[in-house]
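The structure under discussion appears below in the form of structure tokens.
The values are calculated or read from the model by the stated rules, or taken from the named source; none is laboratory data. Computed from a predicted model, the values in this text were never measured in an experiment. Please note: Cβ atoms are built from the backbone with ideal geometry, for glycine as well, and neighbour counts cover all protein chains shown. Keep in mind that these areas ignore ligands, DNA and RNA; they rest on the heavy atoms of the full protein, side chains included. Shrake-Rupley method; radii C 1.70, N 1.55, O 1.52, S 1.80 Å.
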Amino acid sequence: MLDEPAKIDLAEWDRRYSEMHLRGLNEPDYGGPIGRHIAEGDHRLSSLKFDNSPAALRLWNLLLTEEQRLFEAKKRGKKLVGAMKDLGTVPVMACSFETIVPFYPDGAWWSPCITELSDELFKAADSIGIDESFCPVRAVLGAFLTGDCFPIPDRLICSVGATCDDFSAIAQRVQALGHSILWWEIPHRRNPEPDEKSVRLPGGFNAPACHVEFVKSELSRVAVSLEELADEKLDNEKLSRGIKKANVVRRCIDELRNIVFTARICPLPAMEMLVAEMLAIHFCSDLRETTMVLRGLLEEVRTRAKSKQGILSPDAARVFWVNPVADLKVMNLLEDCGGRLCGTEFLFTHALDIIPEDIEPMDALAQMALSDPMVGSSADRAKRICSDIRRFGAEALVISRIPGASHCAVEGKIISNIVRRRLDIPVVEIEVPPVSDSLQATLRTRIEAIVETVKKRRIK
Amino acid sequence: MNRIIYSSPYVPAEWIEAHGLTPERLMPKTVTADCAVDRLEGLCPYARAFLDSILKNRRARGAVITTTCDQMRRGYELLADTGKRDCFLMNIPKTRHEAAKGLYKNEILRLGRFLNGLGGKSPSQEKLSSIMLKYNPSPKHKSGAIPAAIIGGPLMKGDCELFDIIEQFGGFVGLDGTETGSRGEIPPFDKTRIHNDALGELVNAYFYGIPDPSVRPNTDFYDWLKRELKAGEIKGIILRRYLWCDLWHAEFYRIKQETGLPVLEIDVDGDGPLSERTKQRIIAFMEVITCSMSRQKLT
């Protein structure tokens, strides 16, 4: 049996799974061969290539069983909270309650990719006027209409203010369908004025202290709502415990990124790294399992890095990637073209940074919410990207546009100008739709071009 | 050179004037080949035209841009990057409660400091009051044969063409619910409150008085819309939006459902006059409303 690190397709994985199972593979109760998810409609899996480790198997099974987990949680009497848009703050609060399970309805944006549009979520959204001119997150509206992707949550909590228009408009349409939403405001993050009291946020941005106070008051409203739902109080001690648990996840991901992005030979593929990072947002509706999965991945990459084993050539071009891809297959494509992921900014670096544990917990969460790269300027975002490019030693930047996303119109130009000016590395901007098959040739050409540029620059 | 350019109705002209500067609510022209802002895929044509106008406006001392939509919020960065104009990004909260109003008030005060930096002077209560007392809202409703409504974001110079077509084909604009029309006007100030706390009344009027679909939730916008449609006896609605405008495009279906009226959605690319295709659609729409009214009269 193949035990050296490798990327394998689904058929190979199912064969490998049978062999591992015979050898006594230790799995959680949601385990099983990845291929079984095809029967549930996840057709895209048959076009993807996966890491061949048991840790990766567990990661994929955690991700692909979330829907089932949510329906079961609802049956068991847990209260479901749909945390929309804020990508990482409200779930930390929600996880502080034993009786609440938070999840991220926005995650439905990947469903059209995974099901290769057979879920008909876009069709459902189209039927009420939300067409392809909107970001693929319109699948969320389709999910609420069909009721298929996740159980309708007991509470919906959505951040608004310095957020993208398409998501805000789609969330408003969700409310118009009859689902009550608690909206909380996040102001545009700006630099403090000279005589204004300032706060240095985790992640390195600055914000006026009055904004931190305001967001703290907004999160207090969210806390009251969660308390009503759970019928229990959320005191500082409870919230601090929730923060500590979230930080365990964040520390795992931080170390994972550090090892994977800086190792001489890439020890874990880009697609698995993308999924692993996404776990930070809402812990895939199971914080305990998320922690176990990430520890498993960490153990695997530590072993591979120590024994100088990996899944790609040592001369793969080191690429920093901005924005998540609507089609996971493009993460495979990057590697097929001779590149490797060496740094990411998937719109939620604030969900990866460690939440301060030495200040009042609500203050800490307010600071984290304001650290959201999307809440401030693209120039701020670019500065953080530059810092991380240096940290991970990336040699090129790919900015992946999300079709229809309002922030993508202008940010690419600003980010690429700043990165080129400061770091003098090649930059390419591509657009990735939810099913990119018809664009594969174009995307391949552009990614290959940047890989070639990187390799030629090395010779010089 | 004491003009302060802006376009959003959430920027109080009275506040700018009270600081001794001249507010100029800019209505940009459609862009030409020498636009100072690159055409970027996904960039709203209005935002592009507005930024272009700011950069080319030699009379302006400064500009105020708001965060009412993501396009303008991010468009501000393109402007700030040039360094050619003193500009201020004003955060407009999307929620409507007292703490958010406090945030808006702080922005008004911060705008005041920006204006002071451009040669303005913080006004006294009396000065602000006297300027606010001069405010006279324009009449909201006209009357005529077939009243139609135009709703949407801000208009550009040359958009009177839309109004002309409607009038040419038997209708008139009974409700201008665009951002540059009556929707963007605050209700009359409360004179008593002005005397007690002019700034407080200014903040209150602007924060709560402008119905906008970007507010969350946007129930107030729909309450306003239904009220105005009824008052104006409107027979059809033209939703005029810019290409790439998600906030308005997302509301088209709901506007149809909530109002029960015929609704025509037209998207505008800001590149010049209305296309022939769009004009024909408007004409056909006016014919539909006219026929519908005739049928109603017969029955």
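The table that follows gives values for the structure above.
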quantity: Residue match in region A:108-125 (condition: under 23 Å from A:Val215 (Cβ atoms) and either at pLDDT below 95 or of a type in the set (Asp, Glu) (or both)); calculated: no
quantity: Among residues of region A:68-85, those that are touching a Ser or Thr at 6+ places or on another chain (Cβ under 9 Å), open to solvent by 10 Å² or more (accessible area, probe 1.4 Å) and either of a type in the set (A, V, I, L, M, F, W, C) or in contact (Cβ under 8 Å) with a residue 40 or more places away in the chain (or both), counted; calculated: 3
quantity: Hits in region B:236-261 (condition: assigned to a helix (DSSP H, G or I) and either among the hydrophobic types (A, V, I, L, M, F, W, C) or more than 8 Å from chain A (Cβ to nearest Cβ) (or both)); calculated: B:Leu247, B:Trp248, B:Phe252, B:Ile255, B:Lys256, B:Gln257, B:Glu258, B:Thr259
quantity: For B:Leu261: the one exception among (1) open to solvent by less than 20 Å² (accessible area, probe 1.4 Å); (2) under 23 Å from the mean Cα position of the chain (by Cα); calculated: (1)
quantity: Counted residues, region A:405-428 - those being in a helix (DSSP H, G or I) and facing chain B (nearest Cβ under 10 Å); calculated: 9
quantity: Selected residue [more than 10 Å from every other protein chain (Cβ to nearest Cβ), open to solvent by 20 Å² or more (accessible area, probe 1.4 Å) and touching a Gly at 6+ places or on another chain (Cβ under 7 Å)] from A:Asp119, A:Asp154; calculated: A:Asp119
quantity: Single match in A:Leu268, A:Leu333, A:Leu341, A:Leu312 (criterion: part of a helix (DSSP H, G or I), in contact with a helix residue (DSSP H, G or I) (Cβ under 9 Å, 6 or more places away or on another chain) and either touching a residue at least 24 places away in the same chain (Cβ under 8 Å) or closer than 28 Å to A:Glu27 by Cβ (or both)); calculated: A:Leu333
quantity: Some residue of region A:429-448 being part of a helix (DSSP H, G or I), within 12 Å of another protein chain (Cβ to nearest Cβ) and either of a type in the set (A, V, I, L, M) or open to solvent by 10 Å² or more (accessible area, probe 1.4 Å) (or both); calculated: no
quantity: Check on A:Arg340, in contact with a strand residue (DSSP E or B) (Cβ under 7 Å, 6 or more places away or on another chain) and at pLDDT 95 or above; calculated: yes
quantity: Test: residue in region B:184-198 that is among the hydroxyl-bearing types (Ser, Thr, Tyr), without any contact (Cβ under 8 Å) to a residue 60 or more places away in the chain and more than 14 Å from chain A (Cβ to nearest Cβ); calculated: yes
quantity: Condition met for A:Val101 (in contact with a Lys or Arg (Cβ under 7 Å, 6 or more places away or on another chain), more than 30 Å from A:Gly376 (Cβ to Cβ) and at pLDDT 95 or above); calculated: yes
quantity: Filter pass, B:Leu225 being within 14 Å of another protein chain (Cβ to nearest Cβ), assigned to a helix (DSSP H, G or I), farther than 30 Å from B:Glu41 by Cα and of a type in the set (A, V, I, L, M); calculated: yes
quantity: Number of positions in region B:87-107 that are at the interface with chain A (Cβ under 7 Å from one of its Cβ atoms), open to solvent by 20 Å² or more (accessible area, probe 1.4 Å) and farther than 18 Å from A:Asn191 by Cβ; calculated: 1
quantity: First in region A:123-137 and in contact (Cβ under 8 Å) with a residue 24 or more places away in the chain and at the interface with chain B (Cβ under 7 Å from one of its Cβ atoms), second anywhere and in a helix (DSSP H, G or I) and open to solvent by 40 Å² or more (accessible area, probe 1.4 Å), Cβ under 8 Å, 6 or more apart; calculated: A:Ile128/A:Leu145; A:Ile128/B:Tyr253; A:Ile130/B:Tyr253
quantity: Positions within region B:277-299 being of a type in the set (Ser, Thr, Tyr) and either surrounded by 14 or more Cβ atoms within 10 Å (Cβ to Cβ) or in a helix (DSSP H, G or I) (or both), in sequence order; calculated: B:Thr278, B:Thr290, B:Ser292, B:Ser294
quantity: Residues that are open to solvent by less than 40 Å² (accessible area, probe 1.4 Å) and not in a helix (DSSP H, G or I), drawn from region B:50-86; calculated: B:Asn57, B:Ala60, B:Gly62, B:Ala63, B:Val64, B:Ile65, B:Thr66, B:Thr67, B:Thr68, B:Cys69
quantity: Leading residue by the ranking (nearest to the other protein chains (Cβ to nearest Cβ)) among those in region B:13-42 that are open to solvent by less than 40 Å² (accessible area, probe 1.4 Å), assigned to a loop (DSSP other than H, G, I, E, B) and free of Cβ contacts under 8 Å to residues at least 24 places away in the same chain; calculated: B:Leu40
